[in-house]
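Report on one structure; see the data block that follows.
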Amino acid sequence: MTESVKLLDGKLTVFRRPASRFWWGGFYHKRTHHRVSTNCDDLEKAKQTATIWFYQKQAEFSLGIAPAVRQKTFSLAAEKAMETYSKSPRSKLYVTGLKKILNKSVLPFMDRIALEDVNQSIWHKYKEYVADRSLSRATLHQHKMAIRVVLVEAYKRGELKSIPDFKDDVVTSKVATPRTWFEPEEYKRLIQGAKDNIEKLKDTRWRDDAQEMLDYVEFIANTGMRVGEARNVRFCDVETIEDKNVSTDMDSPGWYLLIRNIKGKRGTGECKSNFEAFDTFMRIWDRRLSGEVDWRTSTEPLFKAYHRDMFRELLNTLNLRHTNDRPPRKRDLMSLRSTYICHRILAGVLVFDIAANCRTSVTMIDDHYARWLRPRSLNVNIYVP
């Protein structure tokens with residue numbers, strides 16, 4: 001026989017079925033019975049949990065958030081979308097960030113909302129829900145894209161007839177700004193500082209991390225790859241090619257890298273590196289595979305991590321964390337990709353070639369790099385194969 005207790009003048013019922021050890025809470029709303037497990041075997045704790053749940057559901061109803069059966073909820077659609085994305089060519093870092101936004105922010109609000117009810121109104125209510133967190137415009141955009149990923153995947157499965165457009169109030173027009181990068185002298189300081197950091201940590205357990213961070217910095221700055229793309233590069237994706245047109249008076253040996261199967265934000269692609277990346281790659285091969293295993297057959301990744309925190313600490317130590325602009329702008333690991341792009345522009349390489357090699361658009365290069373720079377001779381060893 002089912003045990004039950006009435007609460008809140010009969011509006012809420014706490015009950016336990018004969019075969020269950022846990023108490024459940026339930027109530028009727030518009031002739032529909034809503035129930036949830038309290039996961040409590042103690043009646044008093046179950047009463048408290050059920051009461052909190054009851055008031056939460058009433059608040060949702062007052063906001064116009066309609067409940068939905070499990071088969072039609074946003075949460076189930078999110079589970080299916082993440083399962084699909086985990087098998088896609090998208091970078092692991094991107095998928096992990098998407099899951100984090102959904103699990104920590106979106107799903108607590110949209111858990112039981114019907115999939116077809118997610119529209120412009122729900123988006124504005126969500127923005128009110130996270131308003132106290134003072135999210136930046138860019139972060140809020142990431143939340144919007146996470147929601148749209150779920151809706152797009154549901155649309156592909158035929159669970160939605162159309163995908164809603166989420167419009168935001170435009171406060172000010174977004175002004176194109178230059179990306180942060182390291183000018184030639186700053187880049188020299190950065191590399192020297194990374195080498196000094198290895199010497200400083202040579203007798204500690206962070207020595208290998210410091211070495212990998214230097215390789216990671218040089219690799220991105222001489223390939224123009226995105227942070228996530230560099231993390232996904234395997235040894236077998238790299239081919240070393242000798243450029244016989246290089247004059248013998250150059251310090252570079254004339255070898256560059258051709259990297260294929262680049263997995264990241266834009267799907268898959270390939271790029272050609274600067275000459276400096278060759279020595280870096282040889283050092284990585286020697287460190288990771290002891291220089292004995294043929295890298296062409298190895299599916300091991302070049303890097304184990306990207307050492308964001310160590311890199312940020314290095315920038316602070318070298319006083320390179322912020323630019324000299326007014327107001328100052330922060331540099332991070334993505335500034336290394338921007339450094340590659342800016343150095344190639346200054347070396348006189350065509351914007352179209354840079355965009356193709358960096359797997360981005362000519363418009364992006366023009367708006368955020370080329371319009372702020374003009375070619376000039378560089379007094380640094382940056383060669384463009």
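The values are calculated or read from the model by the stated rules, or taken from the named source; none is laboratory data. Every value quoted in this text rests on a predicted model; they were computed, and no experiment measured them. Every residue, glycine as well, gets a Cβ built from its backbone with ideal geometry; the counts of neighbours run over all protein chains shown. Note: accessible area is taken over every heavy atom of the protein model, side chains too, but ligands, DNA and RNA are not part of it. Shrake-Rupley method; radii C 1.70, N 1.55, O 1.52, S 1.80 Å.
Give me the net charge for the shell around PHE22: Cβ to Cβ below 15 angstrom, other residues only, Lys and Arg +1, Asp and Glu -1. Result for the neighbourhood of PHE22: +2.
Spin-label model, GLU3 to ARG308: label points 7 Å out along the Cα-to-beta-carbon direction sit 4.8 nm apart.
Taking 51 Å as R0, compute the FRET efficiency from the Cβ-Cβ separation of THR96 and GLN48 and round it to 0.05.
0.90
Normalising the Debye intensity of region 182-228 to I(0), with uniform scatterers on Cα atoms only, and taking log10 at q = 0.13, 0.17 Å⁻¹ returns -0.31, -0.51.
Placing a pseudo-label 7 Å from each Cα along the Cα-to-Cβ vector at ASP367 and ARG283 gives an inter-label distance of 3.6 nm. Peptides 364-373, 214-223, 145-154, ordered by how many other C-beta atoms sit within 10 Å of their residues on average, highest first, read 214-223, 145-154, 364-373.
Simple rule: put +1 on each Lys or Arg Cβ and -1 on each Asp or Glu Cβ in the chain, find the dipole, and look at PRO178, THR38, HIS141; the Cα lying farthest toward the positive end is THR38.
Between region 97-149 and region 270-344, the C-alpha centres lie 33 angstrom from each other.
Subtracting the Cα-Cα distance of HIS141 and TYR55 from 0.36 nm times their residue separation leaves 27.9 nm of extension gain. Taking the C-alpha atoms only, the angle from helix 137-156 to the longest principal axis of the chain is near 70 degrees.
With the convex hull of its Cα atoms as the shape, region 311-374 has an orientation-averaged projected area of 4.8 nm². Looking at region 259-290, none of the trypsin sites (Lys or Arg not before Pro) sits in a DSSP loop with at most 10 other Cβ atoms within 10 Å of its own Cβ.
For VAL362, the accessible surface of its heavy atoms amounts to roughly 60 Å² (probe 1.4 Å, protein chains only, rounded to the nearest 10). When you restrict to C-alpha pairs under 8 Å that are six or more residues apart and normalise by the size of region 61-154, the relative contact order lands at 45 percent. The residue among ASN261, GLN211, ILE241 whose Cα reaches farthest toward the positive pole of the charge dipole of region 183-310, with charges on the beta-carbon of Lys, Arg, Asp and Glu, is ASN261. Volume of the convex hull of region 80-158 (Cα atoms only), normalised per residue: 96 Å³.
When the P(r) of region 252-346 is calculated, the portion above 19 Å amounts to 59% of the C-alpha pairs.
At an R0 of 30 angstrom, the distance between the Cβ atoms of ASN261 and ASN103 translates into a FRET efficiency of 0.50.
A value for log10 I(q)/I(0) by the Debye sum over Cα atoms at q = 0.07, 0.09 Å⁻¹ was derived from the coordinates, and within the list (i) -0.38, -0.63; (ii) -0.34, -0.56; (iii) -0.48, -0.71 it appears as (iii). Against the chain, whose longest principal axis comes from its Cα atoms, helix 120-129 is set at around 80 degrees.
Rounded, prolate or oblate: which fits region 1-140 when a ≥ b ≥ c are the square roots of the eigenvalues of the alpha-carbon gyration tensor, with rounded for a/c under 1.5 and prolate only if a/b beats b/c?
Taking the square roots of the gyration eigenvalues as a ≥ b ≥ c, region 1-140 is prolate.
Here the label points at LYS202 and LYS244, each 7 Å from Cα along the C-beta direction, are separated by 4.1 nm in the simple model. Computed from Cα positions, the angle between helix 334-346 and the longest principal axis of the chain comes to roughly 40 degrees.
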